[in-house]
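Below is one structure; the comments refer to it alone.
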């Protein structure tokens, strides 16, 4: 398996875990107000998904295209930064991306995504991103050792 495929699969696997937490939080715990699938939908159409079909499409695209792409980028960065402490590095990578994306949507005042999200929701999304980084790092380490 080449580096790009390993990164894609690691990003997808981590994206599934991240979205499981995010959807559990949104529908069961009611802490967060914005799902990660809403991000993709809003960035593409400037609106949240209107029905379940659009939600599923947004979720699949968000996991496969976006999380997979970010996994590929990190897998290629690993060549420059080495595998030592990969889980720590992948978690920091996820945190950096979370911060960067939040700053960009607030700077450009993207509808629905910008503005104040209640603190507990922001922390819940941060926990999801940390989970994404940890799972991606562990998955990449497993793939690199095979």
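Considering only the stretch 23-67, state which residues are over 17 Å from the mean Cα position of the chain (by Cα) and within 22 Å of residue 127 (Cα to Cα).
Across the stretch 23-67, the qualifying residues are 27, 28, 29, 30, 31.
How many residues does the stretch 103-141 hold that are exposed (fewer than 13 other Cβ atoms within 10 Å of the Cβ) and assigned to a helix (DSSP H, G or I)?
So the count comes out to 4.
Whether any residue in the stretch 76-85 is closer than 19 Å to residue 19 by Cα and either in contact (Cβ under 8 Å) with a residue 12 or more places away in the chain or assigned to a helix (DSSP H, G or I) (or both) is what I want to check.
no
Condition first: modelled with pLDDT under 95 and out of contact with any helix residue (DSSP H, G or I) (no Cβ under 8 Å at 6 or more places or on another chain). Can you find one or more residues in the stretch 70-81 that meet it?
Yes; the residues of the stretch 70-81 include at least one that is modelled with pLDDT under 95 and out of contact with any helix residue (DSSP H, G or I) (no Cβ under 8 Å at 6 or more places or on another chain).
Across the stretch 45-63, which residue is farthest from residue 19 (Cα to Cα) among those that are part of a helix (DSSP H, G or I) and in contact with a helix residue (DSSP H, G or I) (Cβ under 8 Å, 6 or more places away or on another chain)?
Filtering first and then ranking leaves 54.
Given the criterion under 19 Å from residue 137 (Cβ atoms) and part of a loop (DSSP other than H, G, I, E, B), identify the matching residue among 1, 18.
Of 1, 18, the one residue that is under 19 Å from residue 137 (Cβ atoms) and part of a loop (DSSP other than H, G, I, E, B) is 1.
The values are calculated or read from the model by the stated rules, or taken from the named source; none is laboratory data. Source: prediction; values computed, not measured. Neighbour counts run over all protein chains shown; Cβ positions are idealised from the backbone, glycine included.
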